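Data block below; observations after.
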Amino acid sequence: MPYKKSTASSPEAQSASPIQDNLKALAALFPSVVRDGQVDVDALRQLCGEAVVKEDELFGLNWRGKAEARRAALTPSLGTLRPCKEESKDWDTTQNLYIEGDNLEVLKLLRKSYGGRVKMIYIDPPYNTGKEFVYPDDYQNGIENYKKLTGQEGKYAANVETSGRYHTDWLNMMYPRLILARELLREDGVIFISIDDNEIGDLIKICDEVFGELNFVGCISRATGTTTGQDANKIGSSLDYCLVYSRTNVFSLNGIPMDEKDLKRFNAADGKGSYSILQLRKTGNADTREDRPNMFYPILAPDGTEVFPFGPSDYLSRWRVAKNTYEAWVKDNLIVWKKNPDTKRVIVDGFIKSQWTPYVKYYLEGRTKQVSNLIQDIEGNKKASIVLKNLLGAKGVFDNPKPVEFLSLLSIIGAGSDSIIIDFFSGSATTAHAVMQLNAEDDGNRRFIMVQLPEPCEEKSEAYKAGYKTICEIGKERIRRAGEKIKEEAGLTGQNLDIGFRVYKLDSSNVKAWNPQAEDLATAVNNYAEHLVGGRTEDDFLTEIMLKSGIDLVEEVEEREIAGHRVQSLGYGQYYACMAADLADDAEEVALGIAAWHKKDCAFAGGEQQDTCTVFVADRAFATNDAAKMNFVAILEQHGICNIKAL
């Protein structure tokens, strides 16, 4: 029978787990190793030969709880996200998301819909200075732990240096989140992680493990404009660091726009445009001639004399390119000659130093410059705080926000104009601000997904006095105000700018988990007779279906009324959902309506029936009327829809 009732243990009631993907990947490489869904470890050892070593012989970082933290990343979430339209902006048109919740659980829930789709991740996690809150994960039940954190006072505590697990707690917090972050990245994706001196050493080690040493792109140092950590025994720090790792070697950095200083170099022009020149001789030591002999050859100056690549200290080196490339450059009019009559005659190994020096043109059009590992010409932390103060109209509502200019720079070098960008420690939502600003500047379509734990603002804080009860309220208000300001400044060119966001909040699944109490089993059974959580809306159910089915949360949802019931279509005919509480009397009419709708969707998609089409209903919709249920299923089957799932 195609009618299947979902429970808390059903795939549609849990987030996707990477374990099955890992098994498939392993089986693709070594078919003999995976049998009946199990890994033959001994066979794998034999195939890998001497490369297999004992765990205690491996180079890396180990700490108490590491194995449990790794398992936490692989364990599906039993939660869901619930839509909150009243706190959203431009719900029907926006492509952006703001998610309130513990990012460990949220990342698990996003994995099926966004796995392998994210171009760039930026995070600014707690620096572990002894003053910042570090998420005290309970891996056994992440949702229950999250509810305790957000519903009880005193749970948000600093990870103080006197704690016996000071570094361990921080590592256990970061490790599973980085594992999940990697799963979200595209093959050409990249992650930027801001950090200071306290944990950069440990962070490099766990990133080397999660992303691979070969995928280390670099470490950017940023001048903060302030100095911290000054005392008699320590050197004050005026830098923040940003570690950069790619998912694979497919990633390549984008160049950054040139500033006024750079543009001044392009002070010549011809029919092809403005250009600057570069010496044809390869700078370097005197040994370069021997290293690349095919790049050492005579070229003719305008007066017909031979010119060789002499260095400034009268040594012989080599040219930048081989002779055939040089000759092509000559034909393309890319060579510029300069003569210095004061050049002294020098002979080295029988070669005479010429008064002529060749240069090659390089044009301005389409040119960018490579980012340096030291960034010091952008706004610092004080300016970032002033920007936030001016936006929100209150001072000190958020400590140490990152500069918008810095996040814009990272977005330029790490993502294209139509990328998905995630920040799962979003704080004051600087990343969202930067994404909207960039889209306004280059007419881009970047999307942001912000994730933030609704950490309460202390009652004595400036944020609380200004009316903000949680960090999430600060972030959402910043996006609203920054978006309006950016759109106003953009004028006519910003009319189509997406400055909205859909708000979702983490909660337990809409499907009740079977959790009986031994002392009152009868009550537990009665409570589970209705296995959907009370008080949930049809939109709540639809969101969970989308998450667990791998549908983008901003996917267009078409809605119709059939026999007085709300029916929704997702994925252009892949999924239909009717979460009405009572369908028994209208089962035939609703089934026929869905079948006709599906037929039109299939015709629009190319005329072929989609065998994977699934219809979701609420099991309570048929109550005890099994005949209506059977009739509903039979009609859909007759029209080629054989997957009916009941929540």
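Under a cut-off of 12 Å between alpha-carbon atoms, report the aspartates and glutamates in cross-link reach of Lys89, not counting same-chain residues fewer than 8 places apart.
Glu477, Glu484, Asp498
I'd like the orientation of helix 18-29 relative to the chain: the angle between its Cα long axis and the longest Cα principal axis, in ° from 0 to 90, rounded to 10.
60
5 Å is the cut-off here: which amide hydrogens, built 1.01 Å from N in the peptide plane, fall below it relative to Leu532, excluding neighbours closer than 5 in sequence?
Those lying under 5 Å, H to H, from Leu532 are Lys512.
Which residues' amide hydrogens lie under 5 Å from the amide hydrogen of Ala580, considering only partners 5 or more residues apart or on another chain, with H built in the peptide plane?
For Ala580, whose amide H was placed from the backbone, the distant partners under 5 Å are Ala618.
Distance check, please: which entries in Lys66/Lys548; Lys261/Lys382; Lys476/Lys645 exceed 31 angstrom between their Cα atoms? Intermediate results must be reported in sequence, preceding the final value.
Values: Lys66/Lys548 28 Å; Lys261/Lys382 25 Å; Lys476/Lys645 36 Å.
In this structure, Lys476/Lys645 lie more than 31 Å apart at Cα.
Compute from the Cα atoms of the range 283-406 the Rg and the Dmax, the latter being the longest Cα-Cα distance, and quote both in angstrom.
Rg, Dmax (Cα atoms, Å): 24.8, 75.
Only one of the values (i) 51, 34, 25; (ii) 44, 30, 25; (iii) 55, 31, 28 was calculated from this structure for semi-axes √(5λ) of the Cα gyration tensor in Å; name its label.
Here semi-axes √(5λ) of the Cα gyration tensor in Å agrees with entry (iii).
For the chain, what does the helix formula give at 222 nm: sum of -39500 (n - 2.57) over DSSP H segments with n ≥ 4, over the residue count, nearest 500 deg cm²/dmol? Display every interim value, and only then the final one.
Values: 19 runs with 211 residues, N = 647.
So the calculated ellipticity at 222 nm is -10000 deg cm²/dmol.
What's the longest piece of the chain with no exposed GluC sites (Glu not before Pro), counting a site as exposed if DSSP puts it in a loop and it has at most 16 other beta carbons within 10 Å?
Values: sites that count: Glu132, Glu153, Glu161, Glu365, Glu379, Glu458, Glu459, Glu530, Glu555, Glu556, Glu608.
Looking at the chain, 162-364 is the longest stretch - no exposed GluC sites (Glu not before Pro) with at most 16 other Cβ atoms within 10 Å.
Hey, can you grab everything whose amide H is under 5 Å from the amide H of Ile299? Only 5+ residues off in sequence or another chain; H modelled, so Pro and N-termini drop out.
Val307
Output the 0 to 90 degree angle, nearest 10, between the alpha-carbon long axis of helix 404-414 and the longest principal axis computed from the alpha carbons of the chain.
80
Expressed as an acute angle from 0 to 90° and rounded to the nearest 10, what is the orientation of the C-alpha long axis of helix 166-184 relative to the principal long axis of the chain?
Taking the Cα atoms of the chain, the angle to 166-184 is about 90 degrees.
Give the range of the longest stretch in the chain that excludes all chymotrypsin sites (Phe, Trp or Tyr not before Pro) found in loop regions by DSSP and having at most 14 other beta-carbon atoms within 10 Å. Write down the numbers at each step before the final one.
Numbers: sites that count: Phe59, Trp514, Tyr572.
With chymotrypsin sites (Phe, Trp or Tyr not before Pro) excluded where exposed in loops, the chain gives 60-513 as its longest stretch.
Pairs Lys389/Lys460; Lys282/Lys338; Lys108/Lys147; Lys264/Lys339; Lys389/Lys505; Lys85/Lys505: which exceed 21 Å Cα-Cα? Numbers along the way, then the final one.
Details: Lys389/Lys460 18 Å; Lys282/Lys338 17 Å; Lys108/Lys147 17 Å; Lys264/Lys339 23 Å; Lys389/Lys505 27 Å; Lys85/Lys505 11 Å.
Long pairs (Cα-Cα over 21 Å): Lys264/Lys339; Lys389/Lys505.
Values in this text are rule-based calculations from the coordinates and carry no lab data. Computed from a prediction, not measured in an experiment: that's the story for all the values here. For neighbour counting, all protein chains shown are included, and Cβ atoms are generated from backbone atoms with ideal geometry for every residue, glycine included.
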